[in-house]
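Heads up: the structure comes next, in structure tokens.
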Amino acid sequence: MIRTLLIALLVLASPCATHAQESPFVGEWVMTWDGPDPNDKCPCTGSLSIVTDMSGNGHPLIGEWTGPRGTATLRGTVNLEQNFWGGSYTVDDDRSAYIRKGFFRLELRGRNTLTGSYRLDGSAISFSWSGKRQ
């Protein structure tokens, strides 16, 4: 009985039981991408900051993708293997008369490389993007 109680206490007190593992996507990334607007003269570069979303809205990660047309907020889910993150994005201010939004997917290639694509809502054409951890 005492042994069972001690084992239960050890399991409950272990770091694995009390803290969820941080997603390997979390961090600062330097991104390069192709774009839909020829005026952007892509390939474009910018940054992507990914943090754990503590709001409890069902999306484990939230990202801020900053480029020449403003900052996009990314929200999505991560697969069980923790190597794929996909969801939707909205550009907060892209200096245009309409809200730009769409969908994205990113895959980890090792610990320091991202590859994937994004597309505008209502479009069937995807554009590639990739990143390196800062």
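The values are calculated or read from the model by the stated rules, or taken from the named source; none is laboratory data. Nothing here was measured: the structure is a model prediction, and the numbers come from that model. Please note: Cβ atoms are built from the backbone with ideal geometry, for glycine as well, and neighbour counts cover all protein chains shown.
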Note: among Leu80, Leu114, just one is within 17 Å of Glu22 (Cβ to Cβ) and over 13 Å from the mean Cα position of the chain (by Cα), namely Leu80
Exercise. Could you please let me know if Thr32 is out of contact with any Cys (no Cβ under 6 Å at 6 or more places or on another chain) and modelled with pLDDT under 50?
Key: no
**Asked** Could we say that Ser88 is within 18 Å of Ser128 (Cα to Cα), at pLDDT 75 or above and polar (S, T, N, Q) here?
**Response** yes
Taking segment 101-125 and keeping only residues that are free of Cβ contacts under 8 Å to residues at least 60 places away in the same chain and not in a strand (DSSP E or B), one is left with Arg109, Gly110, Asn112, Asp121, Gly122, Ala124
If you go through Ser49, Ser128, the only one that is of a type in the set (Ser, Thr, Tyr), part of a strand (DSSP E or B) and over 14 Å from the mean Cα position of the chain (by Cα) is Ser128
Taking the condition assigned to a strand (DSSP E or B), touching a residue at least 40 places away in the same chain (Cβ under 8 Å) and closer than 18 Å to Trp29 by Cβ, does Trp65 pass? no
